[in-house]
1. Take the Cβ-Cβ distance between residue 287 and residue 130 as r, set R0 to 41 Å, and report the resulting FRET efficiency rounded to the nearest 0.05.
2. In the neighborhood of residue 329, defined by Cβ-to-Cβ distances under 15 Å, what is the net charge if each Lys or Arg adds +1 and each Asp or Glu adds -1?
3. By a straight-distance test (C-alpha under 21 Å), which lysines pair with residue 344 as possible cross-link partners, with residues fewer than eight away in the same chain excluded?
4. Counting only C-alpha contacts under 8 Å and six or more residues apart, can you give the relative contact order of the stretch 114-189 as a whole percent?
5. So how do 393, 225 line up by other beta-carbon neighbours within 10 Å, fewest first?
6. Given the C-alpha centroids of the stretch 347-390 and the stretch 174-251, what is the distance between them in whole angstrom?
7. Could you tell me which of 174, 129, 187 has its Cα farthest along the dipole of the stretch 114-189 towards the positive end, charges placed at Cβ (Lys, Arg +1; Asp, Glu -1), taken about the Cα centre?
8. Percent of Cα-Cα pairs more than 18 Å apart in the stretch 115-241, please.
Amino acid sequence: MNMLTHDIEAADHDRLRRNSSIRNGSIAIVALLLAGGAWKLTHQAPAAAAPTPANVTVATPLVRDVRAWDDYIGRFTPSKTVEVRPRVSGQVVGVHFKDGDVVRQGQLLFTIDPRPFAAGLAEARANAASARSTLALARSDLARANRLVGDEAVSAGEVDALKARVQAAEAAVAAADARVRQKALDMEFTQVRAPITGRISDRRVDPGNQVAGGEGTTGSLLTTINALDPIYFTFDGSEALFLKSQRARAAGTASSPVEIQLQDEPGYHWKGQLDFTDNGLDPRSGTIRGRAVLRNPNYFLTPGLFGNMRLASGGTQRALLVPDAAVQTDQARKTLLVLGADGKVVVKPVQLGPVVDGLRVIASGIAPSDRVIISGTQMALPGMPVQAHAGRITPETATDAPPASTPASAEATFAH
């Protein structure tokens, strides 16, 4: 039994030794294969290919004449405003318009009861007739006295008295005629007519009410009328923009055109001219009040409307334009990528102007002959060569509203 056990243990020992040798050999073979593969990759693999140049599109800046504008915000105001008040007191017996109508100068608006004034006019005319009768009698007496002077039947004092009576009668006639004209005016003033052409407000007095007449603001307010054609647009401009416009005017530039955009409009459709600037700046705000005048034949514009106005800040000027998307931001500066003579990308800092139909005006930093990268700027790296393709810069469809990146108080359009 012991011999059998010993033989079994010896056989197991030999089997374990053979398995260990096989494993060690396999591990060695795998290690040799890995080492050989690493040596092959290190010493026999071909070198990696150099990166291909990025494809970009280049074009020279578009050269066009543009007109620069300065932006303002203002409000429309009437060119004339009249408060309609009665000249005579009395009862309103008629209203001859509808609230909000467009009325013409001389149109009948209100009627005040004319009967008291008709009676007063008749009395004044009667008094005038009586004064003329008295004057005729005085002149007749004076004529008789003058015929008797040669016979010394009338004294000189009596003649002088008769002359004085004639003069007094003439004065009485003149006064009576003046009262007739005054009463005739009062009669005329019972018909309240529109003093100007414009849009009328609502009536403040209904028929049957008594109104007080008078001069100035002492009379009862009946309604108001605003003249809307032409209409004014008032705004406040900064001192810097005022100086800019003054220097342009001193250089002989014609009156500055203005264009106005309403809040629900995509473009500047209302055209006018700057016609007034105030005689001094407000020392508290440093601004000056200005005014433009516009035609408004359909009375669409009404006082109180806000608008964005752009004022031409001089004549036209030659400008270089590139797509706004080609402009890049490098911290606090703006740059353009330009293709150099050696085919490599060059970075040029630039000064920006306003946007015109999707194109950015470049105030300085590039030349008309520079080849600006307008497409593929994401793959173009400064100092690296690129594969350039020729392109062309063209304006986009006109959009009058400037993009958000446009600097404040700066805008431009192409000159026509």
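1. Given R0 = 41 Å and the Cβ-Cβ separation, E is 0.05.
2. Details: positive: 333, 334, 348, 360; negative: 324, 330.
The answer is +2.
3. 334
4. Values: 54 pairs, mean separation 41.0, N = 76.
It rounds to 54 percent for the stretch 114-189.
5. Working: 393 19, 225 25.
Lowest to highest Cβ neighbour count: 393, 225.
6. 59 Å
7. Sorting the options by dipole projection puts first 187.
8. Tail fraction, whole percent: 73.
Every number here is computed from the coordinates shown, using simple stated rules; none is lab data. Being a predicted model, the structure only gives us computed values, none of them experimental. For neighbour counting, all protein chains shown are included, and Cβ atoms are generated from backbone atoms with ideal geometry for every residue, glycine included.
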